[in-house]
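> There's a structure below that I have some questions on.
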């Protein structure tokens, strides 16, 4: 019988309360040392061959008969009122099938902050119109024939300026999200300052970073009668389905969203995009399928970013390093629109034991491209500030940075008062320090200066319900896992196959996994917040368990042996009552096309503990004081995300997170012309992401201890944790090398030279 | 000694367009006659006209390498070549690597080393490795890194891509040794 219960779940630094329907009996997690055959093994990706042969069909590869292409006209102004749009010349160009704009489309509200085609544009890149044509080339030609008359409005690009009373307003209701800061407070800050023997403070600035997933955002829309099918490069097919149905007034069963393979998202593809709705409308108007894929420049304007921040941080401590007070005031540049602001104060609230804490976050609208989630939103920025200032505190107290962190180790979740289900941070510190050789840094030689730095990581990664799965056992003894999650490049399909094989007792090659289709799949949450495996994995295990029970029941009757005597391994049924093991296929062959269907659902999270992930990273850098160049020599990363299901694909994620973190620390920044609001490096030539030549030696290891309270796998997420401490560890290593701190990211050569007084 | 003034070479000028023009592309050994607009890139021709979507369009301006294919054996960014420039020439794409359903050793190495995450840059990476190993079967670590420095991977699979390239070189050497042994046995 289904049971409805209310639970609290943490997602990217905020606690959500939701109702969850629980079905059936929960499963006990595997014992920590249970002999598992597939779970815990470095099995290569089951969809590796598709991806390595070019056969994997990404959204941008979908080509349908009669398909048209859409190209979006974007605002050249950071803030303007559209007085007139004349599309006549564009419409007359041979090959143009439709031009969509506010004139001929419904007024569809987007994020309650704008419309699909708004009369006001609020950043350079905001959507104005869309040409649907026979080819991309024609669509591009036609864009130049659309005549738009703009009335430029005053604009504001800088979040600090945007908070001034006389600043131009991005939205009529003001520039501060929700009209007030998001404030958290515990203890008594004044008492904390009074008790402190030393106080350190600093203003930290972080840049606007661009995702630049290799596959741009895009959709292909097809109408068949009154049913809309959309192929979308998204991290949440069910979210896109819900959004399309709501905005277009369609019932859910008439909207099908498909995404089989995706070329990266990193948070920027969490939500429904305007291009998807425009493609659907364009397909409706023309009666033909429509494909809209953003180009690299649009990607860098309109597809989201990690917003810039200004963080004033202050820490008070006693002589022995015990923290007494911590205060953060953070300013985040939302851009023109904002759905889910990052939580910059998370690390300050959670990472260290401190009785008196206040964090205040001002999320500010500006006339710039809208923010979106970007791999551990807020925590990457917040950790840079917190861990930098912790090192300054250590320096002031003449303590080893690691010693200071251990001194303030938090044994429980101070925001809720609950204990952590497990916390392996101490082991991360200890093993990481040993592997790295902390704190004995090598002497600087010649003109190069060497430095050591480290930083810690905290993040949720707990997963959440609802998530559902089916496991069907086919008559030939093979099994198909069906769910509605998405593999955004993390190896989800492989991990789900391992879980199903383990629970069923089938070989890996007997398992296939079907995901990424809302019509045939079951609901699964967005692939974000490091929660895919911890949300969907337990549901798959439960479905496999259910299927296995049914198989045992059937086999016992077919073979006429006691059910309790039967076990399954390697796809064979064994029993002392049988002469020899018998394959599942043999058992099922007399039952014609009988099919076993196992059902599974994600259970609620425990309410008496906090389920989090932890980690620590250590960095060694060399700095050239003549040129200001920073070279990261090596990174040692230790993370605790509960049970490791696949050490091979997991290590790929950890390495990838560190490399992205390195780009964020040293190279990446969106550069905007302050007079025009135009992004001047919105491409991969001038926006510098790391190349193979920039990658240091990386050594990563896991604590790999199952979290028995987290879920029936004991596993937690690992997608975001590795990017969180990297920039902070590198910044600390640079400060160690230079003897002076750089308070701003990225740590470019000019900033290094400036810090050394060599401007 | 007086030298004869070199005769100016006669330039062969082919006027193409406006409108579509016929070209021949030899892709993975197969000749294709295609009608293309002169402005159409090789990448668009492969993807849209020939349906070979393995090479990816990630930037369309020669900055990422996701569209790397081999033109007469040399790696190029397919987005930076016009299809008409490749008239009559030989191309190798990711689709031509696996033979009769058997993965090429480079593909095998990429899968085994987990040298891919989202896989979007992978066809380009693999073709860049192919070009390297065709011309330099035993590359050093540095040579591998140089050869792949024009292929971006945002997931950050670089360490494993390098490992896969080195492993592929070993696999290919072994395969060639086996073929040699086989041919001498026969």
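> Are any residues in the range B:16-30 assigned to a loop (DSSP other than H, G, I, E, B) and under 21 Å from residue B:70 (Cα atoms), and if so, which ones? First the steps, then the outcome.
So the first thing to find is which residues in the range B:16-30 are assigned to a loop (DSSP other than H, G, I, E, B), and the list is B:16-20, B:28-29.
Across the range B:16-30, the qualifying residues are B:28, B:29.
> Next up: Given the structure, is residue A:208 within 29 Å of residue A:384 (Cβ to Cβ) and within 14 Å of chain B (Cβ to nearest Cβ)?
Numbers: within 29 Å of residue A:384 (Cβ to Cβ): yes; within 14 Å of chain B (Cβ to nearest Cβ): no.
So residue A:208 does not fit the description; no.
> Out of A:683, A:605, I need the residue that is within 30 Å of residue A:550 (Cα to Cα) and either touching a residue at least 24 places away in the same chain (Cβ under 8 Å) or part of a strand (DSSP E or B) (or both). Which one? Spell out the reasoning first.
On the way: A:683 fails: within 30 Å of residue A:550 (Cα to Cα).
Exactly one of A:683, A:605 is within 30 Å of residue A:550 (Cα to Cα) and either touching a residue at least 24 places away in the same chain (Cβ under 8 Å) or part of a strand (DSSP E or B) (or both), namely A:605.
> Okay, next question. Looking at this structure, is residue A:87 out of contact with any helix residue (DSSP H, G or I) (no Cβ under 6 Å at 6 or more places or on another chain) and surrounded by 20 or more Cβ atoms within 10 Å (Cβ to Cβ)? Steps first, answer last, please.
Values: out of contact with any helix residue (DSSP H, G or I) (no Cβ under 6 Å at 6 or more places or on another chain): yes; surrounded by 20 or more Cβ atoms within 10 Å (Cβ to Cβ): yes.
Taking the combined requirement at face value, the residue satisfies it.
> Consider residue A:501 against the criteria (1) in contact (Cβ under 8 Å) with a residue 24 or more places away in the chain; (2) surrounded by 15 or more Cβ atoms within 10 Å (Cβ to Cβ); (3) in a loop (DSSP other than H, G, I, E, B): it satisfies all of them except one. Which criterion is unmet?
The single condition residue A:501 does not satisfy is (3).
Each row is one residue, and each column tells you yes or no for (1) within 14 Å of chain B (Cβ to nearest Cβ); (2) at pLDDT below 95.
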residue	(1), (2)
A:8	no, yes
A:16	no, yes
A:19	no, yes
A:61	yes, no
A:77	no, no
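> Now for a different question. Considering only helices (runs of 4 or more DSSP H) fully contained in the range A:234-328, which possess at least 2 residues that are within 14 Å of chain B (Cβ to nearest Cβ)? Can you show your working first?
Values: elements: A:237-248, A:274-286, A:296-302.
It comes to A:296-302.
> Would you say residue A:701 is over 30 Å from residue A:80 (Cα atoms), in contact (Cβ under 8 Å) with a residue 60 or more places away in the chain and assigned to a helix (DSSP H, G or I)? Can you show your working first?
Numbers: over 30 Å from residue A:80 (Cα atoms): yes; in contact (Cβ under 8 Å) with a residue 60 or more places away in the chain: yes; assigned to a helix (DSSP H, G or I): no.
In short, no.
> Within the range B:13-31, how many residues turn out to be surrounded by fewer than 11 Cβ atoms within 10 Å (Cβ to Cβ) and in contact (Cβ under 8 Å) with a residue 60 or more places away in the chain?
Residues meeting the conditions: 1.
> Shifting gears a bit: Can you tell me which residues in the range A:673-719 are surrounded by fewer than 22 Cβ atoms within 10 Å (Cβ to Cβ) and within 28 Å of residue A:154 (Cβ to Cβ)?
Correct list: A:673, A:674, A:675, A:676, A:678, A:680, A:681.
> Farther than 27 Å from residue A:294 by Cβ and touching a helix residue (DSSP H, G or I) at 6+ places or on another chain (Cβ under 8 Å) - does that describe any residue in the range B:17-24?
There is at least one residue in the range B:17-24 that is farther than 27 Å from residue A:294 by Cβ and touching a helix residue (DSSP H, G or I) at 6+ places or on another chain (Cβ under 8 Å).
> Of all the residues that make up the range A:572-602, how many are in contact (Cβ under 8 Å) with a residue 40 or more places away in the chain, assigned to a helix (DSSP H, G or I) and loosely packed, with under 15 Cβ neighbours inside 10 Å?
2
> Give the range A:42-60 a look and list any residue that's farther than 14 Å from residue B:115 by Cα, touching a helix residue (DSSP H, G or I) at 6+ places or on another chain (Cβ under 8 Å) and crowded, with 21+ Cβ neighbours inside 10 Å, or say none. Explain how you work it out, then say what you get.
Initial filter on the range A:42-60 (farther than 14 Å from residue B:115 by Cα): A:54-60.
Now restrict to residues that are touching a helix residue (DSSP H, G or I) at 6+ places or on another chain (Cβ under 8 Å): A:54-56.
Listed by number, the residues that qualify are A:54, A:56.
> Looking at the range B:62-76, is at least one residue more than 15 Å from the chain's Cα centre (by Cα), within 7 Å of chain A (Cβ to nearest Cβ) and either over 18 Å from residue B:126 (Cα atoms) or modelled with pLDDT of 95 or more (or both)?
Narrowing the range B:62-76 to residues more than 15 Å from the chain's Cα centre (by Cα): B:63.
Then drop every residue that is not within 7 Å of chain A (Cβ to nearest Cβ), which leaves B:63.
The next check asks that each one be either over 18 Å from residue B:126 (Cα atoms) or modelled with pLDDT of 95 or more (or both); those that pass are B:63.
Yes, the range B:62-76 contains at least one residue that is more than 15 Å from the chain's Cα centre (by Cα), within 7 Å of chain A (Cβ to nearest Cβ) and either over 18 Å from residue B:126 (Cα atoms) or modelled with pLDDT of 95 or more (or both).
> Okay, next question. Does residue A:334 fit the bill of being assigned to a strand (DSSP E or B), under 19 Å from residue A:364 (Cβ atoms) and touching a helix residue (DSSP H, G or I) at 6+ places or on another chain (Cβ under 7 Å)? Spell out the reasoning first.
Values: assigned to a strand (DSSP E or B): yes; under 19 Å from residue A:364 (Cβ atoms): yes; touching a helix residue (DSSP H, G or I) at 6+ places or on another chain (Cβ under 7 Å): yes.
Taking the combined requirement at face value, the residue satisfies it.
> Just to be sure before I move on: is residue B:16 in contact with a strand residue (DSSP E or B) (Cβ under 9 Å, 6 or more places away or on another chain), away from chain A (no Cβ under 14 Å) and at pLDDT below 95 in the structure I sent? Walk me through it before giving the result.
Numbers: in contact with a strand residue (DSSP E or B) (Cβ under 9 Å, 6 or more places away or on another chain): yes; away from chain A (no Cβ under 14 Å): yes; at pLDDT below 95: yes.
So residue B:16 fits the description; yes.
> Would a scan of the range A:237-257 turn up a residue that is touching a strand residue (DSSP E or B) at 6+ places or on another chain (Cβ under 7 Å) and free of Cβ contacts under 8 Å to residues at least 12 places away in the same chain?
Checked against the condition, which is being touching a strand residue (DSSP E or B) at 6+ places or on another chain (Cβ under 7 Å) and free of Cβ contacts under 8 Å to residues at least 12 places away in the same chain, the range A:237-257 yields at least one hit.
> Which residues, taken from the range A:668-713, are within 14 Å of chain B (Cβ to nearest Cβ) and touching a strand residue (DSSP E or B) at 6+ places or on another chain (Cβ under 6 Å)? Show your work before the answer.
The first filter runs over the range A:668-713 and keeps only residues within 14 Å of chain B (Cβ to nearest Cβ), leaving A:668, A:681-700.
Within the range A:668-713, A:668, A:696, A:697, A:698, A:699, A:700 qualify.
> May I pose another question? Would you confirm, using the coordinates I've provided, whether residue A:344 is buried (at least 24 other Cβ atoms within 10 Å of the Cβ) and over 23 Å from residue A:185 (Cα atoms)? Steps first, answer last, please.
Details: buried (at least 24 other Cβ atoms within 10 Å of the Cβ): yes; over 23 Å from residue A:185 (Cα atoms): no.
So residue A:344 fails the test.
> Among the residues of the range B:42-61, how many are facing chain A (nearest Cβ under 10 Å) and in contact (Cβ under 8 Å) with a residue 40 or more places away in the chain?
Summing the residues that are facing chain A (nearest Cβ under 10 Å) and in contact (Cβ under 8 Å) with a residue 40 or more places away in the chain in the range B:42-61 gives 5.
> Tell me which residues, restricted to the range A:191-221, are over 27 Å from the mean Cα position of the chain (by Cα) and outside any strand (DSSP E or B).
Across the range A:191-221, the qualifying residues are A:191, A:192, A:193, A:194, A:195, A:196, A:197.
> Give the number of residues within the range A:437-491 that are assigned to a strand (DSSP E or B) and touching a helix residue (DSSP H, G or I) at 6+ places or on another chain (Cβ under 8 Å).
Matching residues across the range A:437-491 total 20.
> Only one of (1) touching a helix residue (DSSP H, G or I) at 6+ places or on another chain (Cβ under 7 Å); (2) surrounded by 20 or more Cβ atoms within 10 Å (Cβ to Cβ); (3) in a loop (DSSP other than H, G, I, E, B) fails for residue A:660. Which number is that?
(3)
> Report, by residue number, each residue of the range A:410-419 that is touching a strand residue (DSSP E or B) at 6+ places or on another chain (Cβ under 8 Å) and surrounded by fewer than 20 Cβ atoms within 10 Å (Cβ to Cβ). Walk me through how you get there before you give the answer.
Here is the first cut: in the range A:410-419, the ones touching a strand residue (DSSP E or B) at 6+ places or on another chain (Cβ under 8 Å) are A:410-416, A:418-419.
Passing the criteria: A:410, A:411, A:412, A:414, A:415, A:416, A:418, A:419.
The values are calculated or read from the model by the stated rules, or taken from the named source; none is laboratory data. In this text the structure is predicted, and so the values were computed from the model without any measurement. A quick note on method: Cβ atoms are made from the backbone with ideal geometry, for glycine too, and the neighbour counts reach across all protein chains shown.
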